Structures are given as C-alpha cells and as structure tokens.
Amino acid sequence: MKILGGVSASPGISEGIVCLYLSETEKLLPHYSVSSEQVPKELNRLREAFDAAKQAMERMIRVAETQFDREAAEIFNTHLSILSDDDLFTKISELIKAKKVNAEHAVSDVFEEYVKKYEDKGEHFKELIHDFVDARNRILNAFNVETGRFKCPIGERQPVIVATRILTPSMVMNIPRESVLAFITEEGGLTSHATILARSYGVPIILGIEVEKNLDCGMHAIADGSSGRIIVSPDKKTRERYRQKIDKLEKRKGFCEVKRSLSARTGEGRRIQLKLNINTPGEIEAAGEFPHDGVGLLRTEFLFAGDTVPSEEEQYNMYRSILDGVPKRPVTVRLLDIGTDKLPLYIEAPRQVNPDLGLRGAIAVETFPEIYLTQVRALLRANVNSNLRVLYPMVSDLGDLKTFREILAGARKSLREEHIEFNDEDISEGIMIETPSAVMMAEELLEEVDFISIGSNDLLQYTVAAARGNLLVEKRYHILHPALVKLLEIVIRAGKKAKKEVCLCGEIASFEEFYPLFLQVGLRCFSVAVFKFPDIKCELLHLQTFRDKSVVTDFYKNKSKEEIDSYFMSRA
Ligand code: PEP
Ligand code: MG
C-alpha cells in the first residue's frame with residue numbers, strides 16, 4: 001500500500017482500476033522538410049486544418065451548451081478565439097516558408113513558443129497554457145495526428161480512475177462521463193478550465209500527483225478527493241475503512257441537505273465563521289445561496305492575469321461586481337500578491353539570486369508602487385456598500401505593514417485631490433500571516449490591524465524550507481506538519497488576547513478531517529474554496545468536538561509524516 005498526497009480539486013471517494021491517459025503528441029508528430037515548390041501545398045493544408053479545427057470547436061461549443069453549461073461553452077470560445085487569431089496563423093505560415101517544414105511541425109513549433117513564454121511567467125499562466133495546448137491539439141487532429149488516448153484498453157471497456165499528466169478541456173469532453181471514476185493529474189489548478197469542466201462529472205479530482213512515476217495501468221487504487229490522497233494497492237483494512245466512510249458520507253448527505261440554509265455551526269450548535277476563497281467574480285455567483293459569512297480571501301492575481309495591467313476603470317468594474325454580489329457580507333480583498341509563483345505577464349521581475357525568497361509583499365509594493373496605487377484607488381471607489389476589507393499579503397513585520405498603509409493613504413489622498421468620488425469611511429485592514437516572522441510578531445501586528453488571515457500554504461513552505469509545488473521536497477512539505485500547528489497556536493493565542501479575528505484561509509482548511517484539531521486549538525473562522533463549502537459545513541455540523549479534549553495531545557504524539565497520515569486516516 002502506498003499513499004500519494006496531492007491537492008483536492010473535487011470531493012468524493014472512488015475505488016477502482018487506474019488507467020493512464022496519454023496526451024503527448026511529440027512522438028507521433030510527422031516531421032519532414034519540403035521543397036520550395038511544395039510550400040504552397042503546405043500552406044493550403046494549414047488553412048484547411050485551421051478551418052476544420054474551427055468547425056470542430058464550434059461543434060464542441062454546441063455540445064458543451066447542451067451537455068454542460070454556459071461556463072463550459074465559454075471555455076471553448078476561448079479556444080475558438082485562439083484559432084481565429086490571424087497573427088498566429090501568419091506566424092505558422094511564415095515558419096513554413098522560412099524553414100521549409102511540413103505544416104504539422106510548424107504548428108507544433110509555434111505553439112511551443114507560446115507555451116514557453118507563458119511557462120516562464122509562472123503558475124498563474126498554466127491555465128492559458130492548457131488553452132493553447134487544447135487549441136493546438138484541435139489543429140493536429142485535423143491533420144489526423146492523435147492527441148490523446150488511453151494507454152491500456154481497459155479504459156475503453158469499464159469506468160476507470162483516469163490518470164494523466166495534464167488535463168485539458170477537450171480531453172474532458174472526449175472521455176465520456178460514464179468512463180470516469182476519478183481524475184488524477186500532475187499539472188492543473190483548482191480553477192483551471194479543465195478542472196471546472198471535470199468537476200461537473202461529480203467525481204473526485206486530485207491534482208499535483210507525479211502520475212507517470214507513481215501510477216500505471218491496471219493498478220488498484222482509492223481516490224480520496226476529500227483529502228487529496230490516492231491510496232495505491234490499499235490493504236484490506238483500508239478498503240474496509242473507506243467503504244464505511246462512503247456509507248457514512250451517503251447518510252450525512254441527507255442530514256446536511258436538510259440544514260442547507262443554516263449558517264455554519266458545530267454539532268453542539270457553536271457558531272463558526274465559514275467564508276469563501278474566490279479568484280473571479282463568477283465564483284460569487286457560483287456560491288449562490290450558500291449561507292456563507294462573506295469572502296475571506298479574494299486572490300486578485302487572477303484579475304491581473306491578462307496581457308496588460310488592468311486599468312483603474314477595469315478593476316473598478318471587477319471589484320464592483322464582486323462587492324455588489326454580496327452587498328451585506330464582508331469581502332476581504334487581498335492586494336496583488338506578486339511572487340515567483342504568481343507573476344503577471346507584463347511584470348519584468350528584477351534579476352534575483354533566490355527568487356523564492358525574493359520579490360514579494362512590501363518589496364513588490366516598493367518596486368511597483370503605481371500598480372498598487374491604482375488597485376487601491378479602484379477598490380476605494382468600488383466600496384459603495386461599505387463591505388470591503390483590505391488584506392495585505394506576505395507581511396512579516398511592522399515595517400511591511402507601514403509600506404502597505406502608505407499606499408492606502410496615498411490612494412485616499414490622490415482621489416480626494418482629484419475630486420473623485422469614493423467611500424471615505426475607515427476600512428477594516430488585515431494581514432496575511434505567511435512567514436514564521438509574522439507569527440512571532442502576531443501580538444504587535446494585531447495592535448495595528450483589525451484581523452489576521454493565516455496563509456498556511458506559504459507559512460508551511462517558509463517554516464520547513466520546502467517550496468510549495470516542488471515535487472522534490474514534497475515529502476517535507478507536509479500539509480499538517482506539527483510545527484505548523486504549533487505556529488497556528490501562537491497566532492490564535494495572540495488573536496484571543498487582542499480579541500480580533502483570526503481566520504485560516506490556506507489549503508489545509510479544505511480538509512474535513514483536520515477540523516476536530518482546528519477547533520480544539522481554538523480556530524473559529526475558516527475560508528475555503530466555493531466547491532468545498534458544502535463539505536466543510538457538513539463536517540462542522542457533525543462535530544461534537546468540544547467534548548473530545550484529547551485531539552491535540554494525541555496529534556502531537558505522532559512523530560512522522562506517515563504516522564500523522566495514518567492518524568487522520570484512522571479518524572476519518
Ligand atoms: C497561503 O499562502 O496559504 C494563501 C492563502 O495564499 P496563496 O495560496 O495565494 O499564496
Ligand atoms: Mg500565500
């Protein structure tokens with residue numbers, strides 16, 4: 001038995017056979033030179049392939065509209081616009097003429113160039129990369145190049161756990177719902193287009209697993225989408241435990257459905273703040289009638305993911321739609337969090353010795369003050385319902401806080417001077433606690449701010465010196481490291497002393513089984529992705545945790561990652 005830890009992108013539990021889905025095209029791609037006389041023929045083939053790809057995409061959009069929803073159709077509209085880009089077509093044609101190569105090869109080279117460009121820009125562009133890969137595959141399909149298939153025939157015959165390096169929207173559409181027990185991927189984000197589509201299948205989705213290294217066709221596995229784990233070759237005891245868990249989940253569902261409109265509370269009736277982590281205005285709509293306590297974290301990086309810096313007006317409109325979407329509930333907007341994993345396309349970061357410990361937080365504000373000034377001006381103007389709370393990322397000490405505050409003061413001053421209308425009331429200010437330094441300074445920082453959000457994703461990486469997303473050190477990046485829990489305890493104590501809100505908004509808040517521990521160490525506020533909200537609320541409703549005082553002491557008795565994993569598995 002082997003347990004692989006990834007990131008949960010959709011809950012649920014499935015047990016079955018793993019089947020790899022191959023998406024690589026390179027080995028199959030024809031590559032040959034053509035003579036000057038053959039160039040017009042290649043250009044013709046290219047034109048025909050583009051036309052066929054566009055038609056195929058239009059068909060896909062119609063299918064998406066009927067079988068999925070408008071959002072799915074929108075995803076394929078993005079691909080259609082890539083295929084309709086004249087510059088792209090011209091670039092490929094020019095390459096055929098200059099290098100005298102076959103059309104398929106030129107297509108692959110030009111797309112590769114686009115993909116490279118976005119890869120260098122970091123994590124947030126993965127989404128766009130997948131869109132490019134999908135659009136490219138559509139063209140290659142028109143040349144009869146196969147771009148995706150199951151590695152073993154079992155995938156064609158029975159429902160399987162589909163494991164693949166990358167998942168693109170077209171792949172999701174090409175694999176029928178009834179063939180999928182779960183999706184496991186190496187790359188891909190929680191909000192990537194493919195993930196959004198795959199989520200509509202209602203099966204577990206787990207991201208961040210080194211698929212080819214760890215999995216192969218025919219392996220027996222359990223995909224636990226709730227905890228983001230895959231249990232390969234589970235032993236009898238584990239299988240039995242999971243079967244019981246599936247039964248329990250089924251029974252719970254009915255109970256939670258009845259309490260759907262009730263705000264989050266524990267089984268004993270103790271009220272818990274449960275908020276949403278969102279990236280785009282669409283997610284507020286998706287949260288619909290959820291009885292949430294507002295937005296705990298709006299990651300504004302996604303709004304900066306285009307080709308150019310969004311203007312003040314564009315930002316104003318985006319913030320308005322989010323703030324107006326929940327006018328009576330607080331919306332916590334984090335100022336742009338620039339870092340190695342999040343670098344907008346148009347930002348040229350200065351050369352740095354160790355970028356993972358470089359440009360971030362207050363240093364980013366000092367490096368690009370205009371960007372931050374524009375963002376805060378747009379936010380102040382959009383705060384017509386007085387429900388805005390600003391959150392400063394990666395604040396490590398009082399000096400960092402001062403830098404952010406100067407931007408806030410500067411934005412107010414410039415708006416006043418320009419006689420631009422805005423809500424001039426005081427705004428709640430908070431900081432992200434994401435470094436051990438911030439933890440140790442929590443009391444002092446809380447004297448200055450109104451609330452704290454714990455960013456456990458970063459806090460963990462800076463505590464155990466293991467970069468998030470770096471598979472080489474994944475073992476050390478242990479999602480619930482005891483050192484992290486000890487740090488949480490320090491921050492919670494500081495929050496209690498100051499009587500100010502401490503909210504947990506990192507990825508660990510998405511794991512139901514950690515909640516008895518979270519509540520016991522004193523956390524009363526959590527912020528989770530929209531799709532996790534119902535599960536976490538349901539878990540809280542079932543917890544009688546205040547009677548169970550042994551959770552924390554038992555937890556600290558575990559000495560290794562493996563012991564901690566099995567401790568939580570046994571409680572699940
Ligand atoms: C975190 O670090 O836990 C966090 C919520 O911020 P992000 O994941 O956007 O870095
Ligand atoms: Mg962070």
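The values are calculated or read from the model by the stated rules, or taken from the named source; none is laboratory data. Nothing here was measured: the structure is a model prediction, and the numbers come from that model. Cβ placement follows ideal geometry from the backbone for every residue including glycine, while neighbour counts extend to all protein chains displayed. Side chains are part of the model used for accessible areas, which takes the heavy atoms of the whole protein and leaves out ligands, DNA and RNA. Shrake-Rupley method; radii C 1.70, N 1.55, O 1.52, S 1.80 Å.
What net charge is computed for the residues neighbouring GLU489, neighbours being all others with C-beta under 13 Å from the C-beta of GLU489, Lys and Arg scored +1, Asp and Glu -1?
Computed value for this residue: +4.
What is the distance in Å between the Cα centroid of the stretch 355-403 and that of the stretch 128-187?
Result: 40 Å between the Cα centres.
Mind checking the stretch 288-362 for trypsin sites (Lys or Arg not before Pro) that DSSP puts in a loop (not H, G, I, E or B) and that have at most 14 other Cβ atoms within 10 Å?
LYS328, ARG351
Mind putting a number on the dipole of the stretch 217-326 about its Cα centre? Charges go on the C-beta only, +1 for Lys and Arg and -1 for Asp and Glu, and I need it in Debye to the nearest 20.
That gives a dipole near 1280 debye.
What three numbers, in Å, describe the spread of the alpha carbons of the stretch 25-142 along their principal axes, ordered from the longest?
Ordered largest first, the stretch 25-142 gives principal extents of 47, 32, 27 Å.
Net charge near LYS99: determine it from the other residues with C-beta under 14 Å of the C-beta of LYS99, scoring Lys and Arg +1 and Asp and Glu -1.
Net local charge, LYS99 excluded: -3.
In whole Å, what three semi-axes, largest first, describe the equivalent ellipsoid of the stretch 261-571 built from its Cα gyration tensor (square root of 5 times each eigenvalue)?
They are 32, 23, 18 Å, listed largest first.
Ranked from the most accessible area to the least, with a 1.4 Å probe and all protein chains present, what is the order of ASP356, ASP400, ASP131?
ASP356, ASP400, ASP131
Under 26 Å from the Cα of LYS91, which lysines turn up, not counting those fewer than eight places away in the same chain?
LYS27, LYS41, LYS54, LYS99, LYS100, LYS116, LYS117, LYS121, LYS126
Over the stretch 190-329, what is the mean sequence separation of C-alpha contacts under 8 Å (at least six apart), divided by residue count, expressed as relative contact order in percent?
14
Of all DSSP beta bridges located in the chain, what percent are antiparallel, nearest 5?
The answer is about 35 percent antiparallel.
I need the Kirkwood Rh of the stretch 152-226: take the reciprocal of the average 1/r across all distinct C-alpha pairs and report it in angstrom.
After inverting the mean inverse Cα-Cα distance, the result is 12.3 Å.
Specify which residue in the list LEU523, PRO355, ILE246 is farthest towards the positive end of the charge dipole of the chain, using unit charges on the beta carbon of Lys, Arg (+1) and Asp, Glu (-1), about the Cα centre.
Sorting the options by dipole projection puts first ILE246.
In debye, nearest 20: dipole of the stretch 261-571 around its Cα centre with unit charges on the Cβ of K, R (+) and D, E (-)?
Once rounded to the nearest 20, the dipole reads 1120 debye.
Report, for the stretch 261-571, the % of DSSP beta bridges that are antiparallel, rounded to 5.
5
Can you tell me the alpha carbon radius of gyration of the stretch 343-490 divided by the globular rule-of-thumb value 2.2 N^0.38 Å?
For the stretch 343-490, the normalised Cα radius of gyration is 1.17.
For the stretch 437-572, what ratio Rg/Rh do Cα atoms give with a Kirkwood hydrodynamic radius?
A ratio of 0.95.
Taking each pair of different alpha-carbon atoms in the stretch 421-465 once, compute 1/r for the pair, average those values, and report the inverse of that mean as the Kirkwood hydrodynamic radius in Å to one decimal.
That comes to 11.7 Å for the stretch 421-465.
Which percent of the accessible heavy-atom area of the chain goes to carbon and sulfur, probe 1.4 angstrom?
Of the solvent-accessible surface of the chain, carbon and sulfur hold 51 percent.
Between ILE75, TYR114, PRO30, whose Cα lies farthest towards the positive end of the dipole of the stretch 25-142 when Lys and Arg beta carbons carry +1 and Asp and Glu beta carbons carry -1, centred on the Cα centre?
The one lying farthest along the dipole's positive direction is PRO30.
Straight-line reach from LYS496: which lysines fall under 25 Å, measuring Cα to Cα and dropping same-chain residues less than 8 apart?
Hits, sequence-local ones excluded: LYS275, LYS402, LYS486, LYS537, LYS549.
Mind checking which of ILE433, THR545, ALA264 is farthest towards the positive end of the stretch 261-571's charge dipole, using Cβ charges of +1 (Lys, Arg) and -1 (Asp, Glu) about the Cα centre?
THR545
With a 4.7 Å Cβ cut-off, tell me which Cys residues in the chain come up empty for a partner.
Result for the chain is CYS19, CYS505, no neighbouring Cys Cβ within the cutoff.
For the chain, what is the accessible area per residue in Å², given a 1.4 Å probe and the full set of protein chains?
The answer is 43 Å² per residue.
Please state the charge dipole magnitude for the chain, taken about the Cα centre, from unit charges on C-beta atoms (+1 on K and R, -1 on D and E), reported in debye and rounded to the nearest 20.
2200
Calculate for the chain the 222 nm mean residue ellipticity that helices alone would give, adding -39,500 (n - 2.57) per DSSP H run of length 4 or more and normalising by residue count, nearest 500 deg cm²/dmol.
Rounded to the nearest 500, the figure is -14500 deg cm²/dmol.
If each residue of separation counts as 0.36 nm, what is the full-extension length gain between GLU289 and ARG149 once their alpha-carbon separation is subtracted?
46.5 nm
Treating the chain as a set of equal point scatterers at the Cα positions, no solvent, please give the Debye-formula log₁₀ I(q)/I(0) at q = 0.11, 0.12 Å⁻¹.
Debye output, listed in q order: -1.09, -1.28.
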